[in-house]
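Some notes on the structure that comes next.
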Amino acid sequence: MVLDAGLDPELALRHIQACDAARATLGLPITAYTTTESPISISLSLSADGCSWGSLGNPSTLLSAATRLVDDHGCDAIAIVADFPEEDEEVLEGYRRDGGVDAIAGAEAVVSHLVVRALGVPAAHAPGLGAVGVEE
């Protein structure tokens, strides 16, 4: 697992704990995790017609961390947890309520596709976001 150096330390710890729990209770072969040397710096964009995309301000730090996992630990798949900017409340509410645009999906695709293309291993991404309130 690659953790973005830009993550809140408590949030990063929660992700490590979740992986440790999955390894201990489910027997998943999670062999290593590392933190990027600097923040990945993701930015989000939304077009007028509702397409979301994003960019990475520092893609080399992500690739360096993922390469360490593959080369030094023999990882054959990579999980990535990156710090994401807070979403626009109106866009998030539309997505949660009536299937509006997922404003972070495009940026998530950029993150995972970069690692897959560069290293040839499967990659999955989870955004490092704060907790979303529970609705009743």
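Observations on the model:
- Selected residue (criterion: nearest to the chain's Cα centre (by Cα)) from residues of region 1-19 that are of a type outside the set (A, V, I, L, M) and not in a helix (DSSP H, G or I): Asp4
One line per residue, one yes/no per condition, for (1) at pLDDT 95 or above; (2) surrounded by fewer than 16 Cβ atoms within 10 Å (Cβ to Cβ):
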{"site": "Leu26", "(1), (2)": "yes, yes"}
{"site": "Glu37", "(1), (2)": "yes, yes"}
{"site": "Gly50", "(1), (2)": "no, yes"}
{"site": "Gly54", "(1), (2)": "no, no"}
{"site": "Leu62", "(1), (2)": "yes, no"}
{"site": "Asp72", "(1), (2)": "yes, yes"}
{"site": "Ala77", "(1), (2)": "yes, yes"}
{"site": "Phe84", "(1), (2)": "no, no"}
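- The single residue among Arg68, Arg96 that is at pLDDT 95 or above, charged (D, E, K, R) and either at negative phi or buried (at least 18 other Cβ atoms within 10 Å of the Cβ) (or both) turns out to be Arg68.
- Selection of first residues in region 103-118 that are modelled with pLDDT of 90 or more and of second residues that are open to solvent by less than 40 Å² (accessible area, probe 1.4 Å) and assigned to a helix (DSSP H, G or I), restricted to Cβ pairs under 8 Å at least 6 apart or on distinct chains, gives the following pairs, ordered by first then second residue: Val111/Leu62; Leu114/Leu62; Val115/Leu62; Val115/Ala66; Ala118/Ala66.
- Conditions (1) in a loop (DSSP other than H, G, I, E, B); (2) touching a residue at least 12 places away in the same chain (Cβ under 8 Å); number of the one not met by Pro29: (2)
The values are calculated or read from the model by the stated rules, or taken from the named source; none is laboratory data. This is a predicted model, so every value here is computed, not measured. Cβ: placed from backbone, ideal geometry, glycine included. Neighbour counts: every protein chain shown. To get the accessible areas, we keep the full protein, side chains included, count just its heavy atoms, and leave off ligands, DNA and RNA. Shrake-Rupley method; radii C 1.70, N 1.55, O 1.52, S 1.80 Å.
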